[in-house]
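Worksheet for the structure shown next.
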Ligand code: MLC
Ligand code: AMP
């Protein structure tokens, strides 16, 4: 048996001197060098006693070595579990425990905090720093650059990506080799990627967008990536002339449009700009076309499903829509109460089915059953409609979720923390419009009778427990939360009341 994901993305480039990664210092890593580095890492992990099916949790800065760790896991049949570098040690301990990770790879600076937490969970710890140094690479450098690829079937798991839930507990979305590969193949075709493409990669590599959509596509076609550690406006503008394509969250595009150096001339040679992970405002789409002559191609995806829909490559890329279901993906809009398909044009919940849809949540059969129907349709939690021409519009969310700069934030997790703070009776966390991040977090606090909660102290508590991007940008105090007759907090009323807090009219 082969290892289809490894063979299709990585193995076929063995020995190739073609450039894979262009780095900010002007150096280039070829496919061959990258694959040999990955093989060494696969050997290092196998030598540490890891076996196919074991989970490898990685909280590491973006670097060629970090990407090679993904390749090494695929080659060795290990399940790759990338984690946001912003997560605190508190957050991390849950992922390690829940996934049963056998190895945690982290930055050397965090080893002192992570090792004592990992040890009782029987997880080994190895380090990988932003500059590619660390104990994992020491082991790898001493190992052979040949590794016998472990056989894997299409239904075997390739990765766990954690996504938060409405109850505040994160769920590990189990993605199979075929989930990833089938989606990559469709996207390569749909977006016309070839080996001549050079993708400007400024996204993080711990999420679907930067890891699977961007990287897998380039690997599949043998193209190259300009691999920037993060979205740095100056670096992006410097490197754009050498790219053919770019993928980003809407914040990338609004930031570029705010920069006078971002002109039509700078990007006249570009083939394609793609946006996703959060809604792209129609006005951004229009402004972008006016400035550059390019129409951003917007697509819609999720951690659990990879990409579901896309605007067309040829044909009209319609602003404010996410285009059509991708080949092989079925999409329907249903009544949230009955699950029945609604007539075209009506707003309902979006459900999708296809080879892209994940296998379920790790060790959470009830949560899986609640969202993944027996017939294979996944209930996305997004609300949308299909217009007369078949374009899908996302009009809202049926889930209590905030998307800030492309990062998902589940209010419940923050509310649980706020509710525990001294003097706080209850709280509500909402997303309000933000000019840079699209939406941002606002915490509404109701004090206990006679109490005056210490708002600075509360923010400090958030800093300790929660990743920076989840921190409320502001806390406001109210006497009571608005509730409906059933006693449910009316977040829509709060959202309306505070909608101009960061974007005054
Ligand atoms: C950083 N900060 C954020 C933030 N990113 N706060 C809220 N939301 C975010 N997204 C914090 C920083 O820690 C910093 O804290 C402060 O906000 C300002 O930082 P910045 O320098 O302006 O931010 P920057 O580092 O430039 O990051 C912004 C960003 C980044 C938009 C470039 O967040 C990003 O790359 N987002 C992409 C996320 C992504 O890839 N999503 C895909 C998910 S997959 P301080 O301490 O300085 O105040 C998915 C499926 C699909 O959704 O369909 O694709
Ligand atoms: P994640 O769980 O991080 O993968 O985020 C998935 C969610 O991001 C989806 O359920 C949508 O709510 C949102 N999303 C992704 N792409 C788009 C888009 N193009 N427009 C609007 N929302 C999007």
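Remarks
- Any hit, the range 232-239, residues being more than 11 Å from ligand 1 (Cβ to nearest atom) and more than 30 Å from residue 129 (Cβ to Cβ): no
- Evaluating residue 196 against the criteria (1) more than 15 Å from ligand 2 (Cβ to nearest atom); (2) farther than 19 Å from residue 27 by Cα; (3) touching a residue at least 40 places away in the same chain (Cβ under 8 Å); (4) part of a loop (DSSP other than H, G, I, E, B) leaves one unmet condition, (2).
- Annotation: residue 163 fulfils all but one of (1) within 16 Å of ligand 2 (Cβ to nearest atom); (2) more than 16 Å from residue 57 (Cα to Cα); the unmet one is (2).
- Hey, residue 211 crowded, with 19+ Cβ neighbours inside 10 Å, over 18 Å from the mean Cα position of the chain (by Cα) and within 28 Å of residue 86 (Cβ to Cβ) or not: no
- Of all the residues in the range 393-422, those that are more than 19 Å from residue 163 (Cα to Cα), more than 8 Å from ligand 2 (Cβ to nearest atom) and in contact (Cβ under 8 Å) with a residue 60 or more places away in the chain number 1.
- So residue 425, is it modelled with pLDDT of 95 or more, crowded, with 18+ Cβ neighbours inside 10 Å and outside the structural domain of residue 346 (by TED's automatic domain parsing): no
- The residue list 431, 443, 406 contains one member that is within 15 Å of ligand 1 (Cβ to nearest atom), touching a helix residue (DSSP H, G or I) at 6+ places or on another chain (Cβ under 9 Å) and at positive phi, which is 406.
- Within the set 182, 135, 144, the sole residue that is outside the structural domain of residue 262 (by TED's automatic domain parsing), more than 16 Å from ligand 2 (Cβ to nearest atom) and out of contact with any helix residue (DSSP H, G or I) (no Cβ under 9 Å at 6 or more places or on another chain) turns out to be 182.
- A count restricted to the range 1-28 and to residues that are closer than 22 Å to residue 207 by Cβ and in contact with a strand residue (DSSP E or B) (Cβ under 7 Å, 6 or more places away or on another chain) stands at 5.
- Hits in the range 428-439 (condition: in contact with a strand residue (DSSP E or B) (Cβ under 7 Å, 6 or more places away or on another chain) and farther than 16 Å from residue 415 by Cβ): 433, 434, 437, 438, 439
- The condition of being in contact (Cβ under 8 Å) with a residue 40 or more places away in the chain and more than 16 Å from ligand 2 (Cβ to nearest atom) holds for only one of 212, 227, that being 227.
- Only listed residue being surrounded by fewer than 18 Cβ atoms within 10 Å (Cβ to Cβ) and assigned to a helix (DSSP H, G or I), chosen from 148, 138: 138
- Residue 505 vs. criteria modelled with pLDDT under 95 and away from ligand 1 (no atom under 16 Å from the Cβ): yes
- Residues satisfying the stated conditions in the range 272-307, i.e. more than 15 Å from ligand 2 (Cβ to nearest atom) and more than 27 Å from residue 179 (Cα to Cα): 286, 287, 289, 290, 291, 292, 293, 294
- The listed residue being more than 22 Å from residue 191 (Cα to Cα) and surrounded by 15 or more Cβ atoms within 10 Å (Cβ to Cβ), out of 261, 255, 271: 255
- Filter result for residue 259 (more than 10 Å from ligand 1 (Cβ to nearest atom) and either under 22 Å from residue 307 (Cβ atoms) or part of a helix (DSSP H, G or I) (or both)): no
- Residue in the range 230-241 that is closer than 15 Å to residue 67 by Cα and surrounded by fewer than 21 Cβ atoms within 10 Å (Cβ to Cβ) present: yes
- Residue check for residue 357: within 30 Å of residue 86 (Cα to Cα), out of contact with any helix residue (DSSP H, G or I) (no Cβ under 6 Å at 6 or more places or on another chain) and in a loop (DSSP other than H, G, I, E, B): yes
- Scope the range 280-305; condition within 11 Å of ligand 1 (Cβ to nearest atom), in contact (Cβ under 8 Å) with a residue 60 or more places away in the chain and under 18 Å from residue 246 (Cα atoms); matching residues: 300, 301
- Of the residues in the range 417-427, at least one is in contact with a strand residue (DSSP E or B) (Cβ under 9 Å, 6 or more places away or on another chain), away from ligand 1 (no atom under 16 Å from the Cβ) and more than 24 Å from residue 170 (Cβ to Cβ).
The values are calculated or read from the model by the stated rules, or taken from the named source; none is laboratory data. Everything numeric here is computed off the predicted structure, so don't read it as measured data. Please note: Cβ atoms are built from the backbone with ideal geometry, for glycine as well, and neighbour counts cover all protein chains shown.
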